[in-house]
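Please read the structure below before turning to the comments.
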Amino acid sequence: MLDRFDPRLDPLPPAPDRGKLIRRLSRVLPRKALIVKAEGMRVFETDGLAAYRGMPAVVTLPGDTEEVRAVLEVCRDLGAAVVARGAGTGLSGGALPVPGCVLLGLSRMSRILDIDPVACLARVQPGVRNLAVSEAARPFGLFYAPDPSSQLACSLGGNVAENAGGVHCLKYGLTVNNVQGLEVVTMDGEILRLGGETLDAPGFDLLALLTGSEGLLGIVTEITVRLTPLPEATQVLLAAFPETRQAGQAVADIIGAGIIPAGLEMMDKLALTAAEAHTRAGYPLDAAAILLCELDGAPADIACDLERVRGICESAGASLARIARDESERQLFWAGRKGAFPAMGRIAPDYYCIDGVIPRRALPEVLDAIERLSREFGLAVANVFHAGDGNLHPLILYDAQAPGELERAEALGGAILELCVAKGGSITGEHGVGREKINQMCAQFAPAELETFAALKRAFDPQGLLNPGKAIPTLQRCVDHGAMHVHAATPSFAHLDRF
Amino acid sequence: MPRHQASPISIASEAGDLAEELAARVADAAARGAPLRVIGGGTKDDLAQRIEGEPLDIRGHRGVIDHAPSELVITARAGTPLAEIETVLAAAGQRLAFEPPLYGAQSTLGGVVAAGLAGSRRPFAGAVRDSVLGMKILDGRGRTLRFGGTVFKNVAGFDAFRLMAGAFGTLGVLLEVSLRVAPIPAACVHLAFEESWPRARGRLDDLLRRPVPITGAVHDGAGLLLRLEGPEAGVAALARELGGLDDAPTAWEDIRRRRYGPLLAERLWRISAPRRSDVDAVEALAESPPLRDWAGAEIWLATGASAEQVRAAAAQCQGHATLFRGATPGEAVFPPLPAPILALHQRLKRAFDPAGVLNPRRMYEEV
């Protein structure tokens, strides 16, 4: 299990003296911002990847930028690792405490500082919930576009750390495309203001580098996001296909026709069957795959493009292509998709959600390969796919009580991710590497690239205190993992001793 | 060849592949500590600090490697002329979202991305770094590194490739770039309104908080130019609502080709400021009416005022000023950086280019 850190493979600093750490922190933080008792720290033991657990040395909950800076100063002086945490909904173990660390929770910094309806900008603290931004902007006819499935609970700070996505990324972009400014506290105690109200900032694009850096480079204490005008109208089409390949073809043809859907989701037979049993969304059970295609914009344009989408789906072989007859049916079509994950509970005790990305054109062969792997590992896999942007979420079904099944699920997940890389894709589209996919990074990146990432980290954090053991594997870990990236037919890490 | 080999529709020839040769050149320069000057089409040489150094010409490293229209992605070698990219895309009804300004027919993809400049569509369709999906680069040791990929969503590793957009080749020699592309909308209408900037600004404040199909808003001193692009019905409806004069696309073409109003000035300032900011301080320095692109967030200014005056005026409206053209030798081009941010630039430079051979001092004296 990857929640066991290995001092040989992970770059962890030695745990500092806990008593000294608590004394120093209690001098700079109010009482309510410091948690030292085990029962109080228990809730911080894990994040959205609940299979991984670890206890921090202490939990700090700073209330403002100065307190964040003070915590980092103590950690720097004592050499303590720092693990930042937003709402703890992340799915890759990014907020998993490492041994002896100071957990830095940003939940108390939860104020919306400003909504500027004319500039279409919102300035918020990192602990603000994603959906709260859209709710505050709605009276002005605006919303915050990135909408990860956890948007009810997840925080903007966490969204920035993970470069979070959602179902509307194809049209509206990821977090990185919607953040215009950050305030960041660095490990050397500087407060940096990157971007802000201007569309660009002088020098290198540090704003882009910080976004998605998974808590390894600095602590974000304020965020300026762009708000998007709410579309006039939204409509969805449900299409069902006798063969998965036909659905993949329809996706390519829709996008090839110059239509950019607000959302384009695909579910395979196992996923749609479970979702239908769970939600009664009206999905046809005889289909091998269904597509949900959502368009937004001016009503006349949507109507016209939906007809084109319907024609494309029918030409691709759809047995059904139906536009939701009203808003409640539109909601129902989506409810099925949104319920797909919980629906897995009906067919298996546990599921493990994978987050691979592939070029869309590779979809048919990747689905075939996943089916082969599924048989090989003896675990069923249901596929839910953000088809518009190539982000595949295979759900591996297993039973944690059955000996060895979790390990088998992890191994199958790793194999699927390595398959995605081989097809020109990525091991993660929106969940982040965190701890979970640390070994698969060795498949996606060559040693020189991983070394460059490490050098980038040192430029911000020379002592290696920020979220160590996450996101960027050491070369030693890659050697140990074995499934190594092979670059131009030269075995990687040839210069390193093998154990 | 790279690990991303998902049945690419290969257009580029091996003849245009100079990656190994370029890598050897960089490694050799690093070993000797000899600074390199990376050369593309040479159309933007005077847009940053002119520098000395052994020329490293990437123009021979060219060709579109992959473009499958339904993937909305194009991958090409950095020496590929921008014109060639645009031709390939247009044939499929697509284009680059960020509307790169055209500085000359020789312009290369690598130069466009390294300069990180976006045209009038920037506020509506994103910057260069928003379109970049991945890159293959040479670092300052001559090592070939690949960051990002060819897919839209990819959060593995730091986004080192976005850092390259606008870094003027100081962090890496661009070898290949994958860009997200956009479909060309069905309808396009150009409108003109003879009105003062304050009036135009009020109009934009009202318009841009609505979901309107606007992809360009420029004020040239005489009036507001609006470009509407999108689906037929939406564009037609907005055009009817706005009225205005049906305008020829000439002005937009001239702005994109940098031959409009103050863009032709020999000493030209570019000020990036919040759209809403009161730019009186900047206005006071102008010799001729400034050109306001990006719905007012990018101001082009011809002035004989001193650099201190212009930078102070920009700061007064919460913006920053770049001496875009006409810097005297040694004169700072880019806005000065706060000390901790400059220190980070130096450390990042060392991380990618420890010997300091890639376009040193092209952006900042210390980087």
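The values are calculated or read from the model by the stated rules, or taken from the named source; none is laboratory data. Note that the structure is a prediction, hence the values are computed from the model and not measured. Neighbour counts run over all protein chains shown; Cβ positions are idealised from the backbone, glycine included.
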Checklist entry - In segment A:468-475, is there at least one residue being buried (at least 22 other Cβ atoms within 10 Å of the Cβ), modelled with pLDDT of 95 or more and of a type in the set (Lys, Arg)? => result yes
Checklist entry - Name the pairs: first residue in segment A:128-140 and assigned by TED's automatic domain parsing to the domain that holds A:Val118 and under 15 Å from A:Ser155 (Cα atoms), second residue in a helix (DSSP H, G or I) and of a type in the set (Ser, Thr, Tyr), Cβ to Cβ under 6 Å, at least 6 apart or on different chains? => result none
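Every residue in segment B:111-166 that is hydroxyl-bearing (Ser, Thr, Tyr) and facing chain A (nearest Cβ under 7 Å), please. Steps first, please.
Residues of segment B:111-166 that are hydroxyl-bearing (Ser, Thr, Tyr), as a first pass: B:120, B:131, B:144, B:150.
B:Thr150 - this is the single residue of segment B:111-166 that is hydroxyl-bearing (Ser, Thr, Tyr) and facing chain A (nearest Cβ under 7 Å).
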Checklist entry - Looking at (1) within 11 Å of chain B (Cβ to nearest Cβ); (2) touching an Asp or Glu at 6+ places or on another chain (Cβ under 7 Å), which is the only condition A:Gln125 fails? => result (1)
Checklist entry - For segment B:21-78, which fully contained strands (runs of 3 or more DSSP E) count at least 2 residues that are in contact (Cβ under 8 Å) with a residue 40 or more places away in the chain and not β-branched (Val, Ile, Thr)? => result B:36-39, B:64-68, B:73-77
Checklist entry - Among the residues of segment A:418-452, which ones are touching an Asp or Glu at 6+ places or on another chain (Cβ under 9 Å), of a type in the set (Val, Ile, Thr) and either within 7 Å of chain B (Cβ to nearest Cβ) or within 22 Å of B:Val73 (Cβ to Cβ) (or both)? => result A:Ile427, A:Thr428, A:Val433, A:Thr452
Next on the checklist: Which numbered condition in (1) farther than 30 Å from A:Gly40 by Cα; (2) among the charged types (D, E, K, R); (3) part of a loop (DSSP other than H, G, I, E, B); (4) modelled with pLDDT of 95 or more is the only one that A:Asp147 fails?
Outcome noted: (4)
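Can you name every residue in segment B:83-106 that is of a type outside the set (A, V, I, L, M) and farther than 20 Å from B:Gly126 by Cβ?
Quick first cut of segment B:83-106, residues of a type outside the set (A, V, I, L, M) only: B:84, B:86-87, B:93-95, B:98-101, B:103-104, B:106.
B:Glu84, B:Thr87, B:Tyr103, B:Gly104, B:Gln106, listed by residue number.
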Next on the checklist: If I ask for residues that are part of a loop (DSSP other than H, G, I, E, B) and without any contact (Cβ under 8 Å) to a residue 12 or more places away in the chain, which ones from segment B:318-348 would you list?
Outcome noted: B:Thr328, B:Gly330, B:Pro338
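Residues checked against (1) in contact (Cβ under 8 Å) with a residue 60 or more places away in the chain; (2) more than 12 Å from chain A (Cβ to nearest Cβ); (3) of a type outside the set (A, V, I, L, M, F, W, C); (4) touching an Asp or Glu at 6+ places or on another chain (Cβ under 7 Å):
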{"residue": "B:Ala97", "(1), (2), (3), (4)": "yes, no, no, no"}
{"residue": "B:Pro185", "(1), (2), (3), (4)": "no, no, yes, yes"}
{"residue": "B:Glu195", "(1), (2), (3), (4)": "no, yes, yes, no"}
{"residue": "B:Leu208", "(1), (2), (3), (4)": "yes, no, no, no"}
Checklist entry - Do the conditions hold for B:Leu323, that is, is it modelled with pLDDT of 95 or more, out of contact with any helix residue (DSSP H, G or I) (no Cβ under 6 Å at 6 or more places or on another chain), crowded, with 23+ Cβ neighbours inside 10 Å and closer than 23 Å to B:Ile39 by Cα? => result no
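Could you check segment B:278-336 and list, in sequence order, the residues that are among the acidic types (Asp, Glu) and more than 18 Å from B:Pro198 (Cα to Cα)?
From segment B:278-336, those among the acidic types (Asp, Glu) are B:278, B:280, B:283, B:287, B:293, B:298, B:308, B:331; that's our starting set.
Of everything in segment B:278-336, those that are among the acidic types (Asp, Glu) and more than 18 Å from B:Pro198 (Cα to Cα) turn out to be B:Glu287, B:Glu308, B:Glu331.
Among A:Ile260, A:Ile223, A:Ile219, which is under 26 Å from B:Val181 (Cβ atoms) and either modelled with pLDDT of 95 or more or under 25 Å from the mean Cα position of the chain (by Cα) (or both)? Spell out how you get there, then give the answer.
Details: A:Ile223 fails: under 26 Å from B:Val181 (Cβ atoms); A:Ile219 fails: under 26 Å from B:Val181 (Cβ atoms).
A:Ile260 is the lone residue from the list that is under 26 Å from B:Val181 (Cβ atoms) and either modelled with pLDDT of 95 or more or under 25 Å from the mean Cα position of the chain (by Cα) (or both).
Going through B:Thr87, B:Thr108 one at a time, which residue ends up being surrounded by fewer than 21 Cβ atoms within 10 Å (Cβ to Cβ), away from chain A (no Cβ under 11 Å) and polar (S, T, N, Q)? Working first, answer last.
Values: B:Thr108 fails: surrounded by fewer than 21 Cβ atoms within 10 Å (Cβ to Cβ).
None of the others qualify; the one that does is B:Thr87.
Do any strands (runs of 3 or more DSSP E) lying entirely in segment A:31-118 carry at least 2 residues that are closer than 20 Å to A:Ile191 by Cβ and within 24 Å of the chain's Cα centre (by Cα), and which ones are they?
Numbers: elements: A:58-60, A:82-85, A:102-105, A:112-116.
Filter on segment A:31-118 gives A:82-85, A:102-105.
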Item to check | Residue ranges of strands (runs of 3 or more DSSP E) in segment A:179-278 with at least 3 members more than 9 Å from every other protein chain (Cβ to nearest Cβ) | outcome: A:179-185, A:219-226, A:233-241, A:263-268
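Look through segment B:313-351, keep the residues that are hydrophobic (A, V, I, L, M, F, W, C) and within 7 Å of chain A (Cβ to nearest Cβ), and return whichever of them is farthest from the chain's Cα centre (by Cα). It would help to see each step written out before you state the result.
Taking segment B:313-351 first, the residues hydrophobic (A, V, I, L, M, F, W, C) are B:313-315, B:317, B:321, B:323-324, B:327, B:332-334, B:337, B:339, B:341-344, B:348, B:351.
Retained after the next criterion (residues that are within 7 Å of chain A (Cβ to nearest Cβ)): B:334, B:337, B:341, B:344, B:348, B:351.
Working: B:Phe334: 15, B:Leu337: 20, B:Ile341: 22, B:Leu344: 23, B:Leu348: 21, B:Ala351: 24 Å.
Applying the filter and picking the extreme gives B:Ala351.
In this structure, does A:Gly317 turn out to be in contact (Cβ under 8 Å) with a residue 40 or more places away in the chain, assigned to a loop (DSSP other than H, G, I, E, B) and either within 14 Å of chain B (Cβ to nearest Cβ) or of a type in the set (Gly, Ala, Ser) (or both)?
Details: in contact (Cβ under 8 Å) with a residue 40 or more places away in the chain: yes; assigned to a loop (DSSP other than H, G, I, E, B): yes; either within 14 Å of chain B (Cβ to nearest Cβ) or of a type in the set (Gly, Ala, Ser) (or both): yes.
Yes: the conditions hold for A:Gly317.
Got a number for residues in segment A:419-429 being surrounded by 19 or more Cβ atoms within 10 Å (Cβ to Cβ) and out of contact with any strand residue (DSSP E or B) (no Cβ under 8 Å at 6 or more places or on another chain)?
3
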